[in-house]
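The values are calculated or read from the model by the stated rules, or taken from the named source; none is laboratory data. Quantities reported herein were computed from a predicted structural model and do not represent experimental measurements. Neighbour counts run over all protein chains shown; Cβ positions are idealised from the backbone, glycine included. Accessible surface is based on the protein model in full, side chains and every heavy atom, while ligands, DNA and RNA are left aside. Shrake-Rupley method; radii C 1.70, N 1.55, O 1.52, S 1.80 Å.
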Amino acid sequence: MADALRLEQVIGVLQELYPLRYAEDWDAPGLIVGDLCAPVHAIHCAVDPTPQVVDEAIEQGADLLVTHHPLLFRSVHEVSGLGFRGEIIRRLIEHHCALWVGHTNADAAYRGVAEGVAEAFGLQDLTPLLPIDDELSEHQVGLGRVGVLPQAMSLRDFAMRVKDALPFTQAGVQVSGDLEAPVSRVAVLPGSGDSMFDDVRACGADVFVTSDLRHHPALDAIEQARYEAAMRGAGVALGSGDGHIRPALINTPHSAIESLWFRHAGIDIPARVQERYGVRPQLTISALNTDPWSLHI
């Protein structure tokens, strides 16, 4: 049995669970800060690498901070004291705390973000919304998940289930559609999902749960759904299903829905490390609210 884990061993496990090959072309997840030879005893997990989260990780003695969202999402040309990102990197290095990001690769992975969200909402028989063909995986992988509820319920009741599964934020949950319409088949895409309306319509979902829905794409999507439902009601085969409006839309706070990743990751990461190396690192999950809004009037 090894006396201490090295960062490169833990990173290897993370990238086995959440392969970097699943990342979107525009994305750059993986190790952002850290000495590969440094020891890792404690891991802290959070959705966003904010200064407050970094302080929390340091206070808890973490050697590795694992976040879902990138610190360097867009190209940067300095990490100096001119900005908060430079200060974050300085503090991480000063306190010997590495940073690893699992972004779209973790979205698509087996027991990743989308799967954690779908299971938290009670969905079964899960399949990816946008499959990735990976011969190396024993499981279906890809962006988003589509699943079914064991028993149909109204859109209103399902929206309350979604709200209850999420940590509280001031942003709240927004719903568009017939609140009394039955919901059985559900598509979920944690993160920004208003580029995926065509894929959701094609899968026949009764409701689409995502985040960051903008006015024009959301309005166009729900009005198209209403039009197609009216045409089906008039006997014209447009869209899929019966006369109900589909998909309805549920818009969730971005950080809140993606925090559900840690329902699985909080178990899987230390278990896989122990399986590989005989040492189980301590793992903690941040409860900090990193949603940017302080007040909803």
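The table below gives the values:
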item	result
Close pairs (6 angstrom Cβ cut-off, 6 or more residues apart or separate chains): within 18 Å of Thr252 (Cα to Cα) and of a type in the set (Val, Ile, Thr) in segment 174-188, assigned to a strand (DSSP E or B) and open to solvent by 30 Å² or more (accessible area, probe 1.4 Å) anywhere	Val183/Met153
Strands (runs of 3 or more DSSP E) contained entirely in segment 39-153, each with at least 2 residues that are over 21 Å from Asn289 (Cα atoms)	124-132
Test for Asp206: is it buried (at least 20 other Cβ atoms within 10 Å of the Cβ) and more than 30 Å from Pro49 (Cα to Cα)	yes
Number of positions in segment 238-293 that are within 13 Å of Leu166 (Cα to Cα), open to solvent by 40 Å² or more (accessible area, probe 1.4 Å) and assigned to a helix (DSSP H, G or I)	2
Subset of segment 32-47 (residues that are open to solvent by 20 Å² or more (accessible area, probe 1.4 Å) and in contact with a helix residue (DSSP H, G or I) (Cβ under 6 Å, 6 or more places away or on another chain))	Gly34, Leu36, Ala38
Residue within segment 211-218 that is polar (S, T, N, Q) and in a loop (DSSP other than H, G, I, E, B) present	no
Cβ pairs under 6 Å, 6+ apart, first in segment 127-143 and over 20 Å from Pro190 (Cα atoms), second among the β-branched types (Val, Ile, Thr) and open to solvent by less than 100 Å² (accessible area, probe 1.4 Å)	Asp134/Val141
Qualifying residue in segment 75-94 (condition: under 18 Å from the mean Cα position of the chain (by Cα), under 26 Å from Arg6 (Cβ atoms) and surrounded by fewer than 19 Cβ atoms within 10 Å (Cβ to Cβ))	no
Any hit, segment 189-202, residues being modelled with pLDDT of 95 or more, open to solvent by less than 60 Å² (accessible area, probe 1.4 Å), in a strand (DSSP E or B) and at negative phi	yes
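For (1) buried (at least 17 other Cβ atoms within 10 Å of the Cβ); (2) modelled with pLDDT under 95, each residue gets a yes or a no:
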{"site": "Asp3", "(1), (2)": "no, yes"}
{"site": "Gly30", "(1), (2)": "yes, no"}
{"site": "Asp55", "(1), (2)": "no, no"}
{"site": "Thr67", "(1), (2)": "yes, no"}
